[in-house]
Amino acid sequence: APGILYSEPGVVKGDTLIDIGSGPTIHQLLSACESFKEIIASDYTDRNHWELEKWLKNEPEAFDWTPVVKYVCELEGNRGKEAEKEAKLRKTIKQVLKCDVHKSNPLDPIVLPPADCLISSLCLEAACKDLTTYRLALKNISSLLKPGGHLVLSGVLSCSFYMVGPKRFSCLVLKEEFLREALSETGFIIQEFEVLVRDDNIDDSCDFSGKFFILARKEEAI
């Protein structure tokens, strides 16, 4: 599709990327800022917006992401360039918007041109109460993506709960078969589907069985 280039298999590039359910975090965008000219972050809660804005403005009380940035830079072969990476990401994130995946336009009342790429990590399974709602949310976010554009979706399989400190949160149980079916029904062609099976029983803060990473392309209109 126009605006999307491949420098090597599996690498997606373009002009605009929208992150669905950013939370208060920036780690999921550290590599994306090397491949996209503009990033739109989004989340449902105002508190997460405030945390992102504090980091973007480099305020003293903002969370220190330095160890994570250092790790990503090492993975990318850019050891010692943490300051440049943070500066580039701050420059690339153009907006932090309210997002509700249950709306037909999740960014309502903002209307954006269709993006080259959507990413979403650990969002839909936390936001949706059942599989029908998940399918609809997937359809809603896909409306933000141009035909031929890419979706990078990641999350956890077979997870019914997770703990944040002493507080327990419920999670929608997802299976690989359902994800493949739901993406196909929504008009996506899966290009990569990787599952990392959990290999420990030590951490009782979450009951997931594995993590999934999906790269899919939105079918173009005929």
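If you go through the stretch 10-47 and keep only what is outside any strand (DSSP E or B), modelled with pLDDT of 95 or more and among the β-branched types (V, I, T), you end up with T25, I26, T45.
Checking each residue in the stretch 165-200 for being in a strand (DSSP E or B), in contact (Cβ under 8 Å) with a residue 40 or more places away in the chain and surrounded by fewer than 13 Cβ atoms within 10 Å (Cβ to Cβ) picks out F169, E192. The condition of being modelled with pLDDT of 95 or more, farther than 16 Å from L131 by Cβ, assigned to a strand (DSSP E or B) and touching a strand residue (DSSP E or B) at 6+ places or on another chain (Cβ under 6 Å) does not hold for F212.
So, P109, is that one surrounded by fewer than 16 Cβ atoms within 10 Å (Cβ to Cβ), over 25 Å from H27 (Cα atoms), touching a residue at least 40 places away in the same chain (Cβ under 8 Å) and over 14 Å from the mean Cα position of the chain (by Cα) or not? Answer is no for this residue. Within the stretch 208-222, residues that are without any contact (Cβ under 8 Å) to a residue 60 or more places away in the chain and under 19 Å from L118 (Cβ atoms) sit with their Cβ atoms under 6 Å from residues that are of a type in the set (V, I, T) and part of a strand (DSSP E or B), at 6+ positions apart or across chains, in these pairs: K211/V156; F212/V195.
Scanning the stretch 22-56 for residues that are closer than 15 Å to L145 by Cβ and not hydrophobic (A, V, I, L, M, F, W, C) yields E38, S42.
The values are calculated or read from the model by the stated rules, or taken from the named source; none is laboratory data. Keep in mind the model is a prediction, meaning the values are calculated, not measured. Note: ideal-geometry Cβ built from the backbone for every residue, glycine included; neighbour counts use all protein chains shown.
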